[in-house]
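Single-structure report; data block below.
Just so it is clear, none of the values below were taken in a lab; they were calculated from the coordinates. The model shown is predicted, which means the values in this text are computed figures rather than measured ones. Neighbour counts run over all protein chains shown; Cβ positions are idealised from the backbone, glycine included.
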Amino acid sequence: MNTPSVFWLTNIKLETGFEQAEDGSFQTKAELFHLKIENGIISDVQKKSENSILHAPAVDAKGLLGIPTFREMHNHLDKTYLTLNWKACKPVKNLTERLKHEATELEELAGSVKQRAGKMIETILANGSTHIRTHVNIDPFIGLKNLEGIREALDEYRGKLTYEIVAFPQHGLLREDVPSLMKEAMRMGAHIVGGLDPAGIDKKVEASLYEMMNIATEFDADVDIHLHDSGHVGFYTIDKLAEMVEDAKWHHRAAISHAFCLGDVPSQQADDMADRLSELDIAIMSTIPITKSLPPIELLDQKGVRVYLGCDGFYDSWGPFGNGDILEKVTRYCELYRRIDEKSLAYSLKWATGGPTALTAEGKLAWPKKGDEANIVFADAVASSEVVARTTKREAVMFRGKVVSGALA
Ligand SMILES: [Zn+2]
């Protein structure tokens, strides 16, 4: 559906506060609003009333709930089997065999990378994410081929979402010509420098981190490292990375994906590290796995550490599962940690949106505000709490004032 450049989005349900019942439990209040949207920006927010006079074309949201769009912050668009014939994973004995298999297979699949990634982008968008951070393999086998295909696939979605590409050394950063390939990837348009298990894969913690930071400073780019290394080895790695981030003054520019180790160490250590991450504004990306220890998301959040979620690669040589739904990750997180009351559920939406929620924790209006981009997910629900708990189907997704998935009609 094409929307005009100036229009009123009428009858959108927005949350307005919490009310407490006699038994102490809370419920979310919501009312119908009209939003004026001019060139993708919300320029007016009016409560619906009998005498609302709207001097512009109208698009009727028909009472659907509006919530902020989501951010998919850890993904691998280049690996998926989407659009190909069904394929389960090949059984392997260990990580070395898995990596070897992926290297061969990705070369075979290189010709269809744009098509496969396109389907994945469409799926992620339909589920409500209008920003995608994707890692793309940069390795001695695939070289830069997947990066080209992913850039082409994302280009097809220009105007429908924003994105960031992380150059990802899946087979290790300190081998063969990977550092020079990584630099070439940055010249070709990758935005962020990736890394991978400095202990488990590169087997040289300091040298691996140093190389990653070195490329980042050379290209004035952020970093986002995959860290599966668990327990004290992983913790040591974060400690060293924090030192390097501080030395390079790379505050607000580093992220650690997975960081299982933060959930493995004694709570005092995790607490101290949360303070350190907060001070350096190092973000944590989690995919809410059910078979690994999770970083302590609530603690990190309380300390002011930015936590984002991602679906990771899905339906690929690493795993046949997954659906590109970041909201499902939040539902799972709430289920795992018993976040079952109205306010906890509503607050948890921030991990899908990357920050914004309709109401503050205290129940004050926080979104949408005049001047915000008109990035809205529409769902047939009473409030954010219901959307989070029930993983409500998304009827439509709006990005900068345009319906980019689903329909409002
Ligand atoms: Zn990953």
_To test your reading of the geometry: what angle, between 0 and 90 degrees and rounded to tens, separates the Cα axis of helix 113-126 from the longest principal axis of the chain?_
30 degrees
*Assign unit charges at the C-beta atoms only (+1 for Lys and Arg, -1 for Asp and Glu), then state the dipole size of the chain relative to its Cα centre in Debye, rounded to the nearest 20.*
1040 debye
*Give me the percent of DSSP beta bridges within the chain that run antiparallel, rounded to the nearest 5.*
50 percent
*So who's got an amide H within less than 5 Å of the one on Asp264, skipping anything under 5 residues away but keeping other chains? H placed 1.01 Å off N, in plane.*
Gly231
_Calculated diffusion of the stretch 73-196, Stokes-Einstein form, Kirkwood radius summed over Cα pairs, 20 °C and 1.002 mPa s, µm²/s_ = 144 µm²/s
*In nm, to one decimal, how far is the modelled label at Asn39 from the one at Leu84, with both set 7 Å along Cα→Cβ?*
4.5 nm
_Relative contact order %, the chain, counting alpha carbon pairs below 8 Å whose residues are six or more apart_ = 21 percent
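Express in nm, to one decimal, how much length is gained between Asp177 and Asn51 on full extension, taking 0.36 nm for each residue of separation and deducting their alpha carbon distance.
Full extension of this stretch gives 38.5 nm more.
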*asked:* Between Lys62 and Ser25, what's the calculated FRET efficiency when r is the beta-carbon distance and R0 is 30 Å? Round to 0.05.
replied: 0.55
*Return the sequence-ordered ³J(HN,Hα) values of the stretch 39-54 in whole Hz as given by the Karplus equation 6.51 cos²θ - 1.76 cosθ + 1.60 applied to θ = phi - 60°, using x for Gly and Pro.*
6, x, 10, 6, 9, 7, 10, 10, 5, 5, 9, 4, 9, 4, 10, 10
*If you line up the Cα atoms of the chain on their principal axes, what length do they span on each, largest first, in Å?*
70, 49, 41
_How tilted is helix 326-336 with respect to the longest principal axis of the chain? Cα atoms for both, answer in degrees (0 to 90, nearest 10)._
90 degrees
*How far is helix 231-247 tilted, in degrees, relative to the longest principal axis of the Cα atoms in the chain, given as a value from 0 to 90 rounded to the nearest 10?*
80 degrees
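What order do you get for 246-254, 130-138 when each peptide is scored by the mean count of other beta carbon atoms within 10 Å, highest first?
Final packing ranking: 130-138, 246-254.
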*What does the highest-first list of 93-99, 371-377 look like by mean Cβ count within 10 Å?*
371-377, 93-99
*Provide the per-residue ³J(HN,Hα) series for the stretch 366-371, in order, calculated from phi with Karplus coefficients 6.51, -1.76, 1.60 and θ = phi - 60°, each as a whole number of Hz, with x at glycine and proline positions.*
10, 8, x, 10, 4, x
*Hey, rough spin-label estimate for Tyr337 and Glu279, points 7 angstrom out along Cα→Cβ, what's it come to in nanometres?*
2.4 nm
*asked:* Could you derive backbone 3J(HN,Hα) for the stretch 15-28 from the dihedral phi with the Karplus parameters 6.51, -1.76 and 1.60 (θ = phi - 60°), listing whole Hz in sequence and x where the residue is Gly or Pro?
replied: 7, 10, x, 9, 10, 9, 7, 4, 7, x, 7, 10, 10, 8
_Distance (nanometres) between label positions extended 7 Å along Cα→Cβ at Asp372 and Thr96_ = 5.2 nm
*Of the listed peptides 200-210, 142-152, what is their order by residue-averaged count of other C-beta atoms within 10 Å, with the highest listed first?*
142-152, 200-210
_5 angstrom amide H check on Lys29, placed H, neighbours 5+ away_ = Thr16, Gly17, Phe18, Glu19
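Based on Cβ point charges of +1 for Lys and Arg and -1 for Asp and Glu, what charge dipole magnitude is obtained for the stretch 98-212 about its Cα centre, in debye rounded to the nearest 20?
With Lys and Arg at +1 and Asp and Glu at -1, about 240 debye.
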_Other-chain or far-sequence residues with amide H under 5 Å of Asp44's (modelled H)_ = Lys36
*Between Thr360 and Asp220, what FRET efficiency comes out of the Förster formula 1/(1 + (r/R0)^6) with R0 = 56 Å and r the beta carbon distance, rounded to 0.05?*
0.95
